[in-house]
1. Let me check against my output: what whole-number percent is the relative contact order of the chain, with C-alpha pairs under 8 Å and at least 6 apart?
2. Which percent of the Cα-Cα distances in the stretch 52-130 go past 20 Å?
3. Rounded to whole Å and ordered largest first, report the semi-axes of the equivalent ellipsoid of the chain derived from its Cα gyration tensor (root of 5λ).
4. Extending each Cα 7 Å along its Cβ direction at GLU116 and LEU157, get the distance between those two points in nm, one decimal.
5. Rounded to the nearest whole Å², what accessible area per residue is found for the stretch 16-158 with the 1.4 Å probe?
6. Can you tell me which of 134-140, 61-67, 83-89 comes out highest on packing, and rank the rest after it, using the mean Cβ neighbours within 10 Å?
7. Taking 7 Å along the Cα-to-C-beta vector as the label spot, tell me the ARG54-ALA149 distance in nanometres, rounded to one decimal.
8. If you roll a 1.4 Å probe over the chain with all protein chains in place, what percent of the accessible area is carbon or sulfur?
Amino acid sequence: MVRILGRDMSIVSSFEMPASFGNVAANEEFIYAIHRCEHISSHTYDGTEVVSYRDPDKLITSPVLGPGGLLFCVLYDDDDERDEIVALDAQTLQPRHRFGLSLLHEAWGMAVVGEELFVCDYGNDRLQVFSLAGEHRRSITGEWKRPRALCFVKDRLYLV
């Protein structure tokens, strides 16, 4: 069950989704939901599925919306430790570009900060930073180990 809450935390709307859905992202038009890491679908706020995307070779997780109508997701394979990022058109869920294949080992959470995408590179104990077009900009290491989640709020990047 998806429940949409107002600012006062009262339920504005709700609808049924498959019990197997995972990570979600949302914008003014759609809710994007991952289903069993097999595919992502967009839904209107009344629960109507609009379109879905399934990669033919990899599983999908960790959706995050970026500017310019892009939806970024992690593509991974349980048998292969080489993950990558796919940028999908947020309206049609058609792939625009893929990147990061040789750099990411167990990619997890992502956050868009300005014109850059920060990716938790869990298996390499670092953050990878890409342009929104997929160009690798830099790697960031620190005192942390196994970064899993990111959130960007008021000029601060929060790392779990």
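The values are calculated or read from the model by the stated rules, or taken from the named source; none is laboratory data. Computed from a prediction, not measured in an experiment: that's the story for all the values here. Don't worry about glycine lacking a Cβ; one is built from the backbone with ideal geometry, like all the others, and counts go over all protein chains shown. Calculation scope for accessible area: heavy atoms of the full protein, side chains included, ligands and nucleic acids excluded. Shrake-Rupley method; radii C 1.70, N 1.55, O 1.52, S 1.80 Å.
1. For the chain, the relative contact order is 11 percent.
2. Beyond 20 Å sits 24 percent of the P(r) for the stretch 52-130.
3. 26, 18, 15
4. 0.5 nm
5. Per-residue value: 52 Å².
6. Descending packing order for the listed peptides: 83-89, 61-67, 134-140.
7. If labels sit at ARG54 and ALA149, their model points lie 2.9 nm apart.
8. Here carbon and sulfur together make up 49 percent of the probe-accessible area.
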